[in-house]
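The values are calculated or read from the model by the stated rules, or taken from the named source; none is laboratory data. Given the structure is predicted, the values throughout are model-derived calculations rather than measurements. For neighbour counting, all protein chains shown are included, and Cβ atoms are generated from backbone atoms with ideal geometry for every residue, glycine included.
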Amino acid sequence: MGASREAAERAGALRDEIERHDFAYYVLDAPIVPDAEYDRLFRELQALEAEHPELSIPDSPTQRVGGRPLPEFAPVRHAVPMLSIKTETDTGPSGAINFDARVRRALGLGEDAPAVEYAAELKFDGLAISLRYEAGILARAATRGDGETGEDVTQNVRTIHRIPLRLRGAAIPELLEVRGEVFMSRPDFEHYNARQRERNKPALVNPRNGAAGSIRQLDPKIAAERPLSFYAYGLGEVSGWPLPDSHGGVLDALEKFGIPVCEHRTVTLGADGLVAFHARILALRDALPFDIDGVVYKVNSRVLQERLGFSTREPRWAVAHKYPAQEELTEVLGIEVQVGRTGKLTPVARLRPVFVGGVTVTNATLHNEDEIRRKDVRVGDTVIVRRAGDVIPEVFAVIKERRPKYVGQQEQWSLAKAVADRCPACQSAIERAEGEADWRCTAGLYCPAQRKQAILHFASRRALDIEGLGEKLVDQLVEQDLVRSVADLYDADRINVEALADLERMGEKSAQNIVEAIGKSKDTTLARLIYALGIRNVGEATARDLARHFGDLAALMTADVEELQRVRDVGPVVAESIARFFAEGHNSEVIARLEQAGVRGRAEPRQADARAVLQGLTFVLTGILPTLSREEAAALIERKGGKVSGSVSKKTDYVVAGEDAGSKLEKARALGVAILSEDGLRQLLGNSS
């Protein structure tokens, strides 16, 4: 019985859609759907043609690899076709077990027969390339194209430094065609895009498109600017060289020729070995510096490979075992705004539930307003959602061709309009500093979304130093509504021995110690109190400068931007942050309650002695000093009239570096700033004891 009209029409529609996606992916290098969506369409067509063989026509996408050469490039006929391999869509351990079972059946191996030996490697997400070496010299490079005919991209491939132009070693093959993947690592991708943005030039969409687009540039100079990498995974045409007996042996030999081969490969036995490799690479996946979407298993013996042979489209001795898709399609149902613990306002897309990255995702970050506008995300759009490992899901791109007409008529989304210029958590004013991408709530001391962070910072060692008030205790105080702002710490009706003793892991003695530490913290310096308030852009050094300049908190609270900029090292951005903080009524209310509770910041006279040898000099401390803590070193410097800053700049006079010094030391060297050890600092202080 022939196929129904319905089945024939569906097969035709699937072929048309897959061809359209193939063209976008392979020819235009601009995919419009995630891999998982494409795979679903392809499998549906395969199933239809398997059920109704008369629907399997010669030009069906299932009969070829996909893609065709661009007319601008010379065509290259592959002597050995560059076929794709079968994909095992079961992303769990059974994917490896199923492949092993198929191989054993095809080889006629019984249950008691020895385990089959396999080579296992990574499935890269880049562009397949064939490298043809003649007498050891790179003669030609070609893309896969449609599997039979590719594109000559030799000039562009020559710009990839990891690909040798000449093979190493003595026994060089007469002809060696190496198959592999050109890709762009994530760090190189980020670095390239950062440089493009600095030049006001367009950035790349993703590493895969970056690699494909670079190789298929008509101008090799453009390709040379893009940082590409390459790993080999197999062979094409070979002559004048005794082939190794195994696939693993082939890869080892290629490595000796100087051709890059990924270190994350192994030779293992049976299904158990494949399952273990699959699990190990899955755990490593997000830490890899490049993108993969699965692993590849190959029967290791070349003799067994020949016995197993090929189907129409793929070898029977190899399979790609995919991991859970990291990208999927879904619909944006709404856009909401969340307030983070530092006051940052983040737009979040509410999504039609979709299974991606191994979990069901119902919302995804949109990062900030600029990102929404750049991607032009609107409610009702069909979008690609990406989730990698434990990373928060994000809306990666909009599928514009699926946008309904009514969605296109919407205005672009505005955060300020969405929240009516008020923090969704506390209704305080929001701000967006010049040059910054994020909107923030201005009520750091009051906002419930920022409550835990504000309390922890307020109680920290360099602020009011309330010993024992750690993260777990603060979590309980906030979750049980005992503390709504830092001022509540000093409210005896809320925070007392009885109330604290009832909390988890708290006894009466511990509760008493906390109450005493809170009481002790009332007597502090003005610099510590200013720092404890958590004003954006105000660190310890700036807090000390503000305390010295104004002398009391009331004078600081009423200072305007112009007056604030008279303070040493306080520029327009910091001055604006301070002024906005104190202009927010909720913050002023909390400070008033602190003062009513007896929290006072006493002004400290500058303790520079008559021999203020460091007057006017700025120091930065980094690393672990042999005998001094950073606080002790800072006190010595300030006593001699110097200033201690938290960051290195051209205005820095000295960096005092100890063991495990990091980026500050590197920046000092780059800027030519003088570097001192602890002994050098003591000599400068005139105190070598």
Problem - Condition met for LEU274 (within 23 Å of THR89 (Cβ to Cβ), touching a strand residue (DSSP E or B) at 6+ places or on another chain (Cβ under 8 Å) and outside any strand (DSSP E or B)) - result: yes
Completion exercise
Across (1) charged (D, E, K, R); (2) assigned to a helix (DSSP H, G or I); (3) closer than 20 Å to ARG451 by Cβ, ARG536 clears everything bar (2)
Fill in the blank from the handout: Checked the range 81-124 for anything under 30 Å from GLY145 (Cβ atoms) and among the β-branched types (Val, Ile, Thr); matches are ILE85, THR87, THR89, THR91, VAL103
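Okay, residues lined up against (1) basic (Lys, Arg); (2) within 30 Å of PRO260 (Cα to Cα); (3) surrounded by fewer than 16 Cβ atoms within 10 Å (Cβ to Cβ):
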| site | (1), (2), (3) |
| --- | --- |
| MET82 | no, yes, no |
| ALA96 | no, yes, no |
| LEU109 | no, no, yes |
| ASP125 | no, yes, no |
| ALA139 | no, yes, yes |
Fill in the blank from the handout: Within the range 183-234, of all residues that are farther than 30 Å from ILE85 by Cβ and of a type in the set (Gly, Ala, Ser), the one nearest to the chain's Cα centre (by Cα) is ALA194
Problem - Per-region count, the range 356-406, residues under 21 Å from GLU37 (Cα atoms), touching a strand residue (DSSP E or B) at 6+ places or on another chain (Cβ under 7 Å) and assigned to a strand (DSSP E or B) - result: 16
Exercise for the section: Please find, within the range 41-72, the residue that is modelled with the highest pLDDT out of those that are within 35 Å of the chain's Cα centre (by Cα) and surrounded by fewer than 16 Cβ atoms within 10 Å (Cβ to Cβ). Expected result: GLU44
Handout entry: Hits in the range 253-263 (condition: surrounded by fewer than 16 Cβ atoms within 10 Å (Cβ to Cβ) and under 33 Å from the mean Cα position of the chain (by Cα))
Key = GLU255, GLY258, GLU263
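For the range 183-204, what are the residues that are without any contact (Cβ under 8 Å) to a residue 40 or more places away in the chain and either surrounded by 12 or more Cβ atoms within 10 Å (Cβ to Cβ) or in contact with a strand residue (DSSP E or B) (Cβ under 8 Å, 6 or more places away or on another chain) (or both)? Full working, then the answer.
Here is the first cut: in the range 183-204, the ones without any contact (Cβ under 8 Å) to a residue 40 or more places away in the chain are 189-204.
PHE189, GLU190, HIS191, TYR192, ASN193, ARG195, GLN196, ALA203, LEU204 - these are the residues of the range 183-204 that are without any contact (Cβ under 8 Å) to a residue 40 or more places away in the chain and either surrounded by 12 or more Cβ atoms within 10 Å (Cβ to Cβ) or in contact with a strand residue (DSSP E or B) (Cβ under 8 Å, 6 or more places away or on another chain) (or both).
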Problem - Looking only at the range 192-217, and only at residues there that are more than 14 Å from THR143 (Cα to Cα) and of a type in the set (A, V, I, L, M), the one that is modelled with the highest pLDDT - result: ALA194
Exercise for the section: Tell me, please, whether a residue that is within 33 Å of the chain's Cα centre (by Cα), farther than 27 Å from HIS321 by Cβ and without any contact (Cβ under 8 Å) to a residue 40 or more places away in the chain can be found in the range 163-182. Expected result: no
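Restricting to the range 476-516, what's the tally of residues that are among the acidic types (Asp, Glu), under 19 Å from ARG341 (Cβ atoms) and surrounded by 15 or more Cβ atoms within 10 Å (Cβ to Cβ)? Can you show your working first?
Going through the range 476-516, the residues among the acidic types (Asp, Glu) turn out to be 479, 481, 488, 491, 493, 498, 502, 504, 508, 516.
Imposing the further condition that a residue be under 19 Å from ARG341 (Cβ atoms) reduces the set to 479, 481, 488.
Adding the requirement that they be surrounded by 15 or more Cβ atoms within 10 Å (Cβ to Cβ) leaves 488.
Number of matching residues: 1.
Please go through the range 562-594 and pick out each residue that is among the aliphatic types (A, V, I, L, M) and touching an Asp or Glu at 6+ places or on another chain (Cβ under 6 Å). Let's see the steps before the verdict.
Taking the range 562-594 as the starting set, the residues that turn out to be among the aliphatic types (A, V, I, L, M) are 564, 567, 570, 573-575, 578-579, 583, 590-592, 594.
If the condition is that a residue be among the aliphatic types (A, V, I, L, M) and touching an Asp or Glu at 6+ places or on another chain (Cβ under 6 Å), then VAL567 is the only one that fits.
Being among the hydrophobic types (A, V, I, L, M, F, W, C), outside any strand (DSSP E or B) and modelled with pLDDT of 95 or more is the filter here, so list the residues in the range 282-307 that pass it. Give the derivation first.
Taking the range 282-307 and keeping what is among the hydrophobic types (A, V, I, L, M, F, W, C), we get 282-284, 287-288, 290, 292, 295-296, 299, 303-304.
Pick out the ones that are also outside any strand (DSSP E or B) and you get 282-284, 287-288, 290, 303-304.
Of everything in the range 282-307, those that are among the hydrophobic types (A, V, I, L, M, F, W, C), outside any strand (DSSP E or B) and modelled with pLDDT of 95 or more turn out to be VAL303, LEU304.
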Exercise for the section: Could you tell me which of the residues VAL395, VAL407, VAL419 is surrounded by 15 or more Cβ atoms within 10 Å (Cβ to Cβ) and without any contact (Cβ under 8 Å) to a residue 40 or more places away in the chain? Expected result: VAL407
Handout entry: the range 622-657: number of residues that are touching a strand residue (DSSP E or B) at 6+ places or on another chain (Cβ under 8 Å), on the phi < 0 side of the Ramachandran plot, surrounded by 14 or more Cβ atoms within 10 Å (Cβ to Cβ) and assigned to a loop (DSSP other than H, G, I, E, B)
Key = 5
Practice task
Please work out if GLU177 is closer than 25 Å to VAL295 by Cα, in contact with an Asp or Glu (Cβ under 6 Å, 6 or more places away or on another chain) and modelled with pLDDT of 95 or more.
Solution key: yes
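Conditions tested, residue by residue: (1) crowded, with 17+ Cβ neighbours inside 10 Å; (2) touching a Leu at 6+ places or on another chain (Cβ under 9 Å).
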position: THR149; (1), (2): yes, no
position: GLN155; (1), (2): no, no
position: ALA170; (1), (2): no, no
position: ALA212; (1), (2): yes, yes
position: GLN217; (1), (2): yes, no
position: SER239; (1), (2): no, yes
position: SER246; (1), (2): yes, no
position: LEU251; (1), (2): yes, no
Fill in the blank from the handout: Filtering the range 202-251 down to residues that are part of a helix (DSSP H, G or I) and hydroxyl-bearing (Ser, Thr, Tyr) yields SER214
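Scan the range 658-673 for residues that are within 28 Å of the chain's Cα centre (by Cα) and part of a helix (DSSP H, G or I) and jot them down.
First, pick out the residues of the range 658-673 that are within 28 Å of the chain's Cα centre (by Cα): 660-668, 670.
Matches in the range 658-673: SER663, LYS664, LEU665, GLU666, LYS667, ALA668, ALA670.
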Exercise for the section: Spot the failing condition for ALA433; the list is (1) more than 21 Å from ASN368 (Cβ to Cβ); (2) surrounded by fewer than 20 Cβ atoms within 10 Å (Cβ to Cβ), and only one is missed. Expected result: (1)
Handout entry: Sole exception among (1) surrounded by 21 or more Cβ atoms within 10 Å (Cβ to Cβ); (2) at pLDDT 90 or above for LEU614, by number
Key = (2)
Exercise for the section: Kindly establish whether ARG285 is among the basic types (Lys, Arg) and under 30 Å from HIS191 (Cα atoms). Expected result: yes
Completion exercise
Over the range 546-572, the set of residues under 17 Å from SER645 (Cα atoms), touching a residue at least 40 places away in the same chain (Cβ under 8 Å) and part of a helix (DSSP H, G or I) is ALA547, ARG548
